[in-house]
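The values are calculated or read from the model by the stated rules, or taken from the named source; none is laboratory data. Fair warning: this is a prediction, and the values are worked out from it, not measured in the lab. So basically every Cβ, Gly included, is an ideal-geometry build from the backbone, and we count neighbours across all protein chains shown. Surface areas here come from the heavy atoms of the whole protein model, side chains and all, with no ligands, DNA or RNA. Shrake-Rupley method; radii C 1.70, N 1.55, O 1.52, S 1.80 Å.
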Amino acid sequence: MARAAIAAITLLAVAALVALGLWQIERRAEKHALVARIAARVHARPVPAPPPATWPAISAERSAYTRIAARGRFLGLPPALVQASTRAGPGWWVLAPFAEARGFVLLVNRGFVPRRTGIAPPPPGPVAVTGLLRVTEPGGGFLRANDPAADRWYSRDTAAIAAARRLGSVAPYFIDADAAGPPAPGLPLGGLTVLTFPDNHLVYALTWFALAGMAAAGGVIALRHRRR
C-alpha cells in the first residue's frame, strides 16, 4: 500500500475516533444539564396536573419528573399491574384510574407491590394525590410486548391501559405517587421513582481518544515500515 494511502486512512480513522470522543463529551454536558433540570423539577412545589388543553405539548424532555398534584376520586375499576423491578425487589406497579375533579381521567401509579394478590384498595371519596409526572411508556418492555387481552403489562402504557379498561381519553402521562407513609400490609409502596441516570460518557470519550492515539501510532509505524 502506498504511503499516501496509509496516511489518508490513518487521518480518516483518527478524525473519526476524535469526533466520536467529542460527541461523548457533548452528550456528557447534555446529561448533566438534564440531571440539573430534573433535580429542579423534583424539588419544586407541586403544580396542578396538566389538563387536556396542554396534553399535546407534554414530552419527556419538557415535562417528565415535574412534581404535580391531582384532586378527585379513584374509579371503581381494577388497577393495571405492570411488571416492575425496584430496589424493593421484583413485583408490580399498581396503576389505578383516577377521575380528576376538573373533568378528565389519568392514571396514578399508587406504588409497588411484591404480589398480585392482597392489594389494598385505594381510599374512597375525594382524595389528593401528589407525585412526579411520568410520560406514557407505549409498547411494552425489553423483548416483551404488552398483552391487553390477557391483562399482562410490561410498561406503563396509558393509552393501552385506558383502552383495556374502557376509560376513553386519558392523560398521556401518569403520576408516580409519593410515599404515603410507613409500609403497611397490602398497601402499595410509593416514592420509588428512579432518579439516578447512568453517566459513562467520560469513560466512553477517553476510550475513543485512546483509540485515536493508537490509530495515529499505528499509522506512524506503518509509514516507517513502508519507508524501509
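Out of the residues in the stretch 28-59 meeting the condition of being assigned to a helix (DSSP H, G or I) and closer than 24 Å to VAL105 by Cβ, tell me which one is most open to solvent (accessible area, probe 1.4 Å).
For the stretch 28-59, the residue satisfying everything is PRO56.
For THR86, which of the numbered conditions (1) buried (at least 22 other Cβ atoms within 10 Å of the Cβ); (2) β-branched (Val, Ile, Thr); (3) under 30 Å from LYS31 (Cα atoms) fails to hold?
With (1) buried (at least 22 other Cβ atoms within 10 Å of the Cβ); (2) β-branched (Val, Ile, Thr); (3) under 30 Å from LYS31 (Cα atoms) applied to THR86, the lone miss is (1).
Condition check ((1) touching a Ser or Thr at 6+ places or on another chain (Cβ under 6 Å); (2) modelled with pLDDT of 85 or more) across all residues:
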| position | (1), (2) |
| --- | --- |
| PRO148 | no, yes |
| ARG152 | no, yes |
| ARG166 | no, yes |
| ASP178 | yes, yes |
| PRO188 | no, yes |
| PHE197 | no, no |
| ALA212 | no, yes |
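For residues that are in contact with a Pro (Cβ under 9 Å, 6 or more places away or on another chain), assigned to a strand (DSSP E or B) and within 24 Å of ARG144 (Cα to Cα), tally how many sit in the stretch 60-105.
Adding up the residues that qualify gives 12.
Only one of SER85, SER59, SER63 is under 16 Å from the mean Cα position of the chain (by Cα), at pLDDT below 90 and among the small types (Gly, Ala, Ser); which?
SER85
Which number in (1) surrounded by 13 or more Cβ atoms within 10 Å (Cβ to Cβ); (2) without any contact (Cβ under 8 Å) to a residue 60 or more places away in the chain marks the one condition that ARG116 misses?
Unmet for ARG116, out of (1) surrounded by 13 or more Cβ atoms within 10 Å (Cβ to Cβ); (2) without any contact (Cβ under 8 Å) to a residue 60 or more places away in the chain: (1).
For the stretch 183-216, how many residues are open to solvent by less than 20 Å² (accessible area, probe 1.4 Å), among the small types (Gly, Ala, Ser) and assigned to a loop (DSSP other than H, G, I, E, B)?
1
Of the numbered conditions (1) at pLDDT 90 or above; (2) open to solvent by 70 Å² or more (accessible area, probe 1.4 Å); (3) under 18 Å from ARG165 (Cα atoms), GLY76 satisfies every one except a single condition; which is it?
It is condition (1) that GLY76 fails.
So which pairs qualify, if the first residue must be in the stretch 1-18 and assigned to a helix (DSSP H, G or I), the second must be open to solvent by 50 Å² or more (accessible area, probe 1.4 Å) and among the charged types (D, E, K, R), the Cβ gap must be under 8 Å, and the two must be at least 6 apart or on different chains?
ARG3/ARG226; ARG3/ARG227; ILE6/ARG226
Every residue in the stretch 137-182 that is in a loop (DSSP other than H, G, I, E, B), among the polar types (S, T, N, Q) and open to solvent by less than 40 Å² (accessible area, probe 1.4 Å), please.
Result: ASN146, SER155.
Could you list, in sequence order, the residues of the stretch 128-174 that are of a type in the set (A, V, I, L, M, F, W, C) and closer than 28 Å to ALA39 by Cβ?
Those that are of a type in the set (A, V, I, L, M, F, W, C) and closer than 28 Å to ALA39 by Cβ: ALA128, VAL129, LEU132, LEU133, VAL135, PHE142, ALA171, PHE174.
Are any residues in the stretch 214-228 modelled with pLDDT under 85, out of contact with any helix residue (DSSP H, G or I) (no Cβ under 7 Å at 6 or more places or on another chain) and among the hydrophobic types (A, V, I, L, M, F, W, C), and if so, which ones?
VAL220, ILE221
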